[in-house]
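S.K.: To start, I am sharing the structure in question, which I have written as structure tokens.
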Amino acid sequence: MKKLSRSIVPTHSYPERVIQFGEGNFLRAFADWMIHDMNKKVGFDSGVVVVQPIANGLCKILSDQDGLYTLYLNGIKNGKAVSEYQIIDCIQRAINPYENYPIYLANAENPNLRFVISNTTEAGIAYHKDDRLEDAPQKSYPGKLTALLYRRYQIFKGASKNGLIILPCELIDRNGDNLKKIILQYAVDWELGNEFIRWINEDNIFCNTLVDRIVPGYPKDKIDVITEELGYKDNLVVEGEQFHLWVIEGLKEVKEEFPASQCGLNVVFTDNMEPYRTRKVRILNGAHTSLVPVGYLYGIEKVRESLEDAVVGRFLKNVIFNEICPTLDLPEKELIKFSNDVLDRFKNPYLEHALMSISLNSISKYKTRVLPSVLEYIKRKNELPKHLLFSLAALIAFYKGDRNGEIINLADDPEVLDFFKSQWSQVDGSEKSIAKIVNSVLSNTNLWSINLAKIKGMEIEIASALDAIINKGMKKAILNV
């Protein structure tokens with residue numbers, strides 16, 4: 001069977017207008033897919049040059065396939081389960097700067113270059129004090145990008161029109177601001193001059209972004225079936241869910257030059273991305289965290305199964321629509337649509353997401369993802385959010401480490417596990433002992449940074465729920481929420 005290449009399928013070539021740091025599954029199933037779509041639908045006419053950000057990577061395989069790969073998108077689309085695939089052809093070249101640094105640096109001389117996209121993992125946007133301009137290459141991604149920008153500044157003599165739009169996709173808060181800060185630090189360290197610093201500040205646009213799409217990656221467990229379906233061999237097949245979201249905080253010209261919204265892509269251009277970040281953390285991540293202890297103690301293993309169960313599914317919808325959404329400031333219509341999209345993602349039949357796989361560090365996750373909704377709900381409604389607090393009661397029960405005689409493999413910081421082990425060793429099932437553990441948990445400021453026991457009614461509410469979970473079982477306890 002032939003290997004995927006431009007010799008066996010009709011494809012297009014495009015001028016290189018995007019340099020991309022990262023060749024992994026996420027960018028190929030997200031940003032490159034969007035560029036491909038914009039090329040086909042609105043004449044974006046932009047090719048991508050991929051740069052391998054670390055010594056070991058996929059650039060050789062990508063080059064062997066002429067930059068081509070097959071993308072499968074699987075999930076709920078317009079209310080139906082859909083699996084569809086297409087060949088993505090926007091990548092024109094792949095470069096390993098560890099093997100050929102001059103070729104990498106030569107990209108700075110391309111007058112057509114306009115965009116920088118990256119996904120170098122959360123650790124990628126980091127300052128390495130030992131990086132030097134003369135390194136070939138620099139160790140860090142910001143170091144490599146600084147060297148490229150400085151060469152571009154030199155070649156085009158600091159011309160404003162040759163600045164770049166920089167769209168980092170790393171999952172850190174204010175990713176664009178952080179990247180720019182490090183680049184400016186290198187400019188000082190390497191004594192690149194005040195004019196170069198001015199050019200960075202005034203003529204290059206660093207956008208903060210938020211990205212969202214589940215990308216399971218290479219489907220090795222079913223690649224033989226896929227290869228038979230495709231009729232060619234592709235070593236870079238990648239799978240992603242149907243849902244996608246890219247929030248880009250930047251100047252108006254970014255939206256004008258990056259025409260994603262013209263294609264109907266779910267790309268939001270805004271001057272303030274914080275409400276969207278909050279929406280994602282509170283609804284998507286918060287729903288996951290709220291669900292885990294309830295669903296698992298109920299006897300459910302998978303996220304999808306939770307939605308299929310009438311009782312747990314109703315509980316989760318109450319959490320999202322009645323207790324989380326009212327704490328957010330975006331338009332109600334947007335919140336409802338996003339929430340329904342989240343539920344569709346949870347129901348995706350192509351992605352089996354185990355509850356235990358998202359139970360890691362559940363205490364800190366509750367603190368960052370759910371507790372803000374609890375506190376905001378109380379502030380706005382002057383009453384307790386019963387479903388979110390029932391989830392906290394279930395979380396305390398979950399950290400007992402037992403589900404009907406079956407050991408739960410808890411995964412958290414040792415001090416957290418030790419705390420709960422000590423507390424549960426003193427519980428005999430009596431109302432008094434349950435009230436005591438609830439007080440200990442809520443008043444532990446190491447867990448929550450505040451004393452939750454001081455919030456009126458919370459201790460009684462959670463103790464009542466925990467008593468029901470322990471002495472009646474989750475299936476009966478949840479019916480009273």
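The values are calculated or read from the model by the stated rules, or taken from the named source; none is laboratory data. Because the structure is predicted, anything quoted here is derived from the model rather than measured. Virtual Cβ from ideal backbone geometry, glycine too; neighbours counted across all protein chains shown.
S.K.: Whether any residue in the stretch 326-341 is in contact with a Ser or Thr (Cβ under 8 Å, 6 or more places away or on another chain) and over 19 Å from Tyr377 (Cβ atoms) is what I want to check.
M.R.: no
S.K.: Which of the residues belonging to the stretch 207-242 are modelled with pLDDT of 95 or more and of a type in the set (Ser, Thr, Tyr)?
M.R.: Result: Thr209, Thr227, Tyr232.
S.K.: Among the residues of the stretch 113-126, is any farther than 22 Å from Asn272 by Cα and not in a loop (DSSP other than H, G, I, E, B)?
M.R.: The answer is no; no qualifying residue exists.
S.K.: Are any of the residues in the stretch 361-373 at pLDDT below 95 and not in a helix (DSSP H, G or I)?
M.R.: Yes, the conditions are met somewhere in the stretch 361-373.
S.K.: Of Ser118, Ser160, which residue is surrounded by fewer than 21 Cβ atoms within 10 Å (Cβ to Cβ) and in contact with a helix residue (DSSP H, G or I) (Cβ under 9 Å, 6 or more places away or on another chain)?
M.R.: On inspection, the qualifying residue turns out to be Ser160.
S.K.: Also, quick follow-up: Quick check: anything in the stretch 231-245 surrounded by fewer than 17 Cβ atoms within 10 Å (Cβ to Cβ) and either within 22 Å of the chain's Cα centre (by Cα) or of a type in the set (Lys, Arg) (or both)?
M.R.: Yes, because at least one residue in the stretch 231-245 is surrounded by fewer than 17 Cβ atoms within 10 Å (Cβ to Cβ) and either within 22 Å of the chain's Cα centre (by Cα) or of a type in the set (Lys, Arg) (or both).
S.K.: Follow-up question, since we're still on this one. Quick one: is Ile76 at pLDDT below 95 and either out of contact with any Phe, Trp or Tyr (no Cβ under 6 Å at 6 or more places or on another chain) or of a type in the set (Val, Ile, Thr) (or both)?
M.R.: yes
S.K.: Let me ask something additional. Would you mind stating whether Ala94 is out of contact with any strand residue (DSSP E or B) (no Cβ under 7 Å at 6 or more places or on another chain) and small (Gly, Ala, Ser)?
M.R.: no
S.K.: Might you check whether a residue that is of a type in the set (S, T, N, Q), within 26 Å of Lys80 (Cβ to Cβ) and at pLDDT 95 or above occurs anywhere in the stretch 324-331?
M.R.: Among the residues of the stretch 324-331, not one is of a type in the set (S, T, N, Q), within 26 Å of Lys80 (Cβ to Cβ) and at pLDDT 95 or above, which makes the answer no.
S.K.: Name the one entry in Lys180, Lys252 that is in contact (Cβ under 8 Å) with a residue 24 or more places away in the chain and closer than 25 Å to Val267 by Cα.
M.R.: On inspection, the qualifying residue turns out to be Lys180.
S.K.: Based on this model, can you work out whether Leu192 counts as within 27 Å of Asn25 (Cβ to Cβ) and either at pLDDT below 95 or assigned by TED's automatic domain parsing to the domain that holds Pro111 (or both)?
M.R.: Criteria not met by Leu192.
Results for (1) among the acidic types (Asp, Glu); (2) in a loop (DSSP other than H, G, I, E, B), shown as yes or no for each residue.
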| position | (1), (2) |
| --- | --- |
| Lys432 | no, no |
| Ser440 | no, no |
| Asn446 | no, no |
| Lys456 | no, yes |
| Glu459 | yes, no |
| Ala463 | no, no |
| Ala468 | no, no |
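S.K.: Right, here's the next one. Checking Gly57 against (1) in a helix (DSSP H, G or I); (2) within 20 Å of Val18 (Cβ to Cβ); (3) of a type in the set (Gly, Ala, Ser), which test does it fail?
M.R.: Unmet for Gly57, out of (1) in a helix (DSSP H, G or I); (2) within 20 Å of Val18 (Cβ to Cβ); (3) of a type in the set (Gly, Ala, Ser): (1).
S.K.: Further, regarding this structure: Mind listing just one residue for me: the one in the stretch 255-290 that is small (Gly, Ala, Ser) and in contact (Cβ under 8 Å) with a residue 24 or more places away in the chain and, of those, farthest from Val370 (Cα to Cα)?
M.R.: Per the criteria, the residue is Ala260.
S.K.: Right, another one. Evaluate the stretch 260-278: report whether one residue or more is assigned to a helix (DSSP H, G or I), more than 30 Å from Glu202 (Cβ to Cβ) and over 22 Å from the mean Cα position of the chain (by Cα).
M.R.: yes
S.K.: Has the stretch 94-114 got any residue that is closer than 15 Å to Ile200 by Cα and within 28 Å of the chain's Cα centre (by Cα)?
M.R.: yes
S.K.: Take the residues of the stretch 151-169 that are farther than 21 Å from Phe258 by Cβ and among the basic types (Lys, Arg): which is nearest to the chain's Cα centre (by Cα)?
M.R.: For the stretch 151-169, the residue satisfying everything is Arg151.
S.K.: Need a quick list: helices (runs of 4 or more DSSP H) entirely within the stretch 146-254 having at least 2 residues that are farther than 27 Å from Tyr104 by Cα and out of contact with any Leu (no Cβ under 6 Å at 6 or more places or on another chain).
M.R.: Correct list: 223-230.
S.K.: Would you check if there is a residue in the stretch 243-262 being modelled with pLDDT of 95 or more, in contact with a Phe, Trp or Tyr (Cβ under 9 Å, 6 or more places away or on another chain), of a type in the set (D, E, K, R) and under 20 Å from Leu330 (Cα atoms)?
M.R.: There is at least one residue in the stretch 243-262 that is modelled with pLDDT of 95 or more, in contact with a Phe, Trp or Tyr (Cβ under 9 Å, 6 or more places away or on another chain), of a type in the set (D, E, K, R) and under 20 Å from Leu330 (Cα atoms).
S.K.: Would you please name the residue that is surrounded by the fewest Cβ atoms within 10 Å (Cβ to Cβ), looking only at residues in the stretch 127-145 that are of a type in the set (A, V, I, L, M) and in a loop (DSSP other than H, G, I, E, B)?
M.R.: So the residue we want is Ala136.
S.K.: Hey, another quick one. Yes or no: Leu389 in contact (Cβ under 8 Å) with a residue 40 or more places away in the chain, closer than 25 Å to Met458 by Cβ and in a loop (DSSP other than H, G, I, E, B)?
M.R.: Criteria not met by Leu389.
S.K.: Does Arg198 satisfy being of a type in the set (Lys, Arg), surrounded by fewer than 21 Cβ atoms within 10 Å (Cβ to Cβ) and farther than 30 Å from Tyr69 by Cβ?
M.R.: When the stated conditions are applied, Arg198 passes them.
S.K.: Scan the stretch 435-458 and tell me whether some residue there is surrounded by fewer than 17 Cβ atoms within 10 Å (Cβ to Cβ), touching a residue at least 40 places away in the same chain (Cβ under 8 Å) and over 19 Å from Ile363 (Cα atoms).
M.R.: Yes.
S.K.: Please count how many residues of the stretch 1-43 are within 18 Å of Ile214 (Cα to Cα) and surrounded by fewer than 20 Cβ atoms within 10 Å (Cβ to Cβ).
M.R.: Qualifying residue count for the region: 1.
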